[in-house]
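Note sheet for the following structure.
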Amino acid sequence: MHRRKKILSTVIIALVSLIISCGQQADQNEILIGEYSSLTGTTATYGLSTHRGLMMAVDETNNAGGILGKKIKLLTEDTQSKPEEAATAVTKLISRDRVVGVIGEVSSSRSLAAAPICQANKIPMITNASTNPEVTKKGDYIFRVCFIDPFQGEIMAKFTFNSLGLKRAAILKDIKNDYSIGLAQFFEESFKSLGGEIVATQAYSEGDADFKAQLTALKAANPEAVIVPGYYTEAALIVKQARELNMNMPFVGGDGWDSGKLIEIGGESMNNSYFSTAFSSDDPDPVVQNFAQKYHQLYGEKPDALAALGYDAGLIMFDAIKRAGVTESSKLRDAIAATKNFRGVTGLITIDQHRNALKPIVILAVENGKLVYKETVQP
Ligand code: PHE
């Protein structure tokens, strides 16, 4: 009996290792990097832009000879814009494909779902765009190359209060979205500390399409500005419906507004609105212009912030592998943590002791149906 059990368990172990090794697509000459991105669903432009920027970084690195004598191979999983799928995606990338590092996600809620899995497996993760402070608190293997929302909220509060000169603001936030809840809170704290007043707050959930009830309630409180810390699909519909209700005050958003779809959906209604972001393709800096031109050649459009952040996240991962000299996870982790003054297309990137990036913020306005650069604020 005892022996049979032993044989059985040996067979099971052999089978399991066979299954695991079938999943490994690495050959000796490749370094496998995983990407989990929203290529479909409510925020599909986030994933598509990130993937395009990241592929540019991969191709440029490989064309220049690769790293450690090997080529980078990027394996991409679609999160369908859903947190549950984000968790499944990184589990596949880590357990089945055995990637040495993970890049993604854009949305904080999705990064929060996936980060604990990367941390538990000790596989370094770099999010290109998740700005909620909780993301990198998930553990010492979790990094980001974007700014964080306490900073973004403060800058937008100052912009609304000082630059626009408005003292009474209302907030319309997405209560199913960690990023939106956090940014609303940080905006409110800063705006009040400047002497501003939050005259009303309303909520919606991602996927909603009719915001008239919330907007009517906000209008009754007579705000001078409405803050919408959400993603582009809902933000554009909100502003459009607000204009139909004769709410002609400035609307203010954050990086979640950054998508070509914003103006496509919102049209002329988007005029007299403002948002913060990580990148403007109109920045005259030659590094930015060179990137923007190459991107345009490849994809036939201007890069948005997510394309730029995807590109930078890739380059930082590859630079760290080069400096580590190996792909062993603890050494790679240490090398990412040691990133200093890395010249990305979204500015100089230094990873701080909390694994966050200190970065400038760009403020854009919508005027005559076009994005117009307003100002850059240093951290
Ligand atoms: N910062 C957003 C989040 O954390 C995601 C985002 C970043 C969206 C940049 C658009 C552009 O959820």
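The values are calculated or read from the model by the stated rules, or taken from the named source; none is laboratory data. What you see is a predicted model; the values in this text were computed from it and never measured. Here the Cβ is made from the backbone with ideal geometry for all residues, glycine too, and neighbour counts use every protein chain on show. The area values use the complete protein model at the heavy-atom level, side chains included, leaving out ligands, DNA and RNA. Shrake-Rupley method; radii C 1.70, N 1.55, O 1.52, S 1.80 Å.
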Taking Leu332 as meeting all but one of (1) crowded, with 22+ Cβ neighbours inside 10 Å; (2) under 30 Å from Ala236 (Cα atoms), write down the number of the exception. (2)
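Each row is one residue, and each column tells you yes or no for (1) open to solvent by less than 10 Å² (accessible area, probe 1.4 Å); (2) more than 23 Å from Leu262 (Cβ to Cβ); (3) free of Cβ contacts under 8 Å to residues at least 60 places away in the same chain.
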{"residue": "Leu48", "(1), (2), (3)": "no, no, yes"}
{"residue": "Ala57", "(1), (2), (3)": "yes, yes, no"}
{"residue": "Ile67", "(1), (2), (3)": "yes, yes, no"}
{"residue": "Thr79", "(1), (2), (3)": "yes, no, yes"}
{"residue": "Glu84", "(1), (2), (3)": "no, yes, yes"}
{"residue": "Ala89", "(1), (2), (3)": "yes, yes, yes"}
{"residue": "Leu93", "(1), (2), (3)": "yes, yes, yes"}
Helices (runs of 4 or more DSSP H) wholly inside segment 79-160 containing at least 2 residues that are under 19 Å from Ala308 (Cβ atoms): 108-120, 149-158
Please find, within segment 129-183, the residue that is farthest from the ligand (Cβ to nearest atom) out of those that are under 16 Å from Thr201 (Cβ atoms) and of a type in the set (Lys, Arg). Arg168
Quick one: Gln353 ticks every box in (1) crowded, with 17+ Cβ neighbours inside 10 Å; (2) out of contact with any strand residue (DSSP E or B) (no Cβ under 8 Å at 6 or more places or on another chain) except a single one, so which number is it? (1)
Against the definition (among the acidic types (Asp, Glu), modelled with pLDDT under 95 and closer than 30 Å to Arg168 by Cα), how does Asp283 come out, yes or no? no
Residue in segment 252-269 that is open to solvent by less than 40 Å² (accessible area, probe 1.4 Å), touching a Phe, Trp or Tyr at 6+ places or on another chain (Cβ under 8 Å) and over 23 Å from Asn132 (Cβ atoms) present: no
Count, please, the residues in segment 322-337 that happen to be over 19 Å from Gln119 (Cβ atoms) and in a helix (DSSP H, G or I). 2
